[in-house]
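Every number in this text was worked out from the coordinates using simple rules, so none of it is lab data. This is a predicted model, so every value here is computed, not measured.
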């Protein structure tokens, strides 16, 4: 009879997961992880995650979690991103309703708060006393990333990005085997869904003639709308207690996520009274289709954790160091394949492929953090990390600016007989980048008359010439109830 209430609890939790909105993110574009415990200790978690977020950071650590447990972790991100367009050496044609001076002003993300960082987990360990030290877990969560941002359509970043709205979630089934005091191995199988990724930018709809750096007479806002419900991944992990004081661990995404998203292409006027004012029938893209193949990188992390023990065997404090590799070289460019008919001036087929160069590279990160326990109930955490940027300087972009960064964080931990909770804050410092017009590689899009062939001999113009300034504030909390 004791198992019946537990079964009802698990069923109710699974129903809550199914009703939970997908969490926004996109590829490579993550901060170091979604975990309230981890945020307070510099995301040094590979050997120490003790709540449901272990399904993502090291599923082998689930072997330490006895009985039935429900975990909820939530993260808020404030994204502070500004782009200031550099003055161009290319002459700008006078266009009614716009001012070149406006294009050179700093342009900020107008929706800095991203509040959807939920992480829900239910886990249950079979009775080790009966020789079955097996733990199962079911989770739903999204990556630690900013999935929504908006910039002024008339801002200097207009040819790079005006709006992003991306939703992604991982539905995860995990299993772990081991001895909670000595070792454990685990595997998380994931079904990844991307219910929406909408990206908007201004494109030059001209059918010939030179390009202009700030505004063109035939500018339109192009929005690519994509989704995919059929991607898979796997995370493996293990840990081992070398001595009463020393744990070592390893974990990683052993199968990268491969999305093959499909959707359509839409066009809209950029500003009333500026440049061309296309009619609805001209903006319509007949039989519009679009697709994009997108990969989220494989990862590998190793960690070592030192525990200082009290005479009664409890932990007085611990410190952990992690080294993390992420294989972001899987993302070379966005290749958006399109089909349909564009009717801006005369019926023309959409370009077969629209390419936005990324040239991302593999990264390394070093994380260090720990927790000091004032007593059996209350702990104080502190930590930080240093991480390479995946984006080369020439390909700097506002969609997911993965630049060199470092972070510091701190938090409070509380654990009772049944309830454990965390409250943490972290700040991410990201390098300020300056991209010259000579070396910028994110190019203005001109789908109907690409340069240089359709530009009267003029070459491509970079859309990312200017200064990128960014930083992020993160607040996270969690609660775990053990039955």
Rounded to two decimals, the Rg over Rh value of region 3-482 from Cα coordinates and the Kirkwood Rh reads 1.04
Length-normalised contact order of the chain, Cα under 8 Å, at least 6 apart, in percent, tallies to 19 percent
Taking alpha-carbon centroids only, region 227-243 lies from region 348-366 a number of Å equal to 26 Å
With Cα coordinates, the longest principal axis of the chain makes an angle with the long axis of helix 3-19, in degrees rounded to 10, of 10 degrees
The rounded separation in angstrom of the Cα centers of region 191-216 and region 128-149 is 37 Å
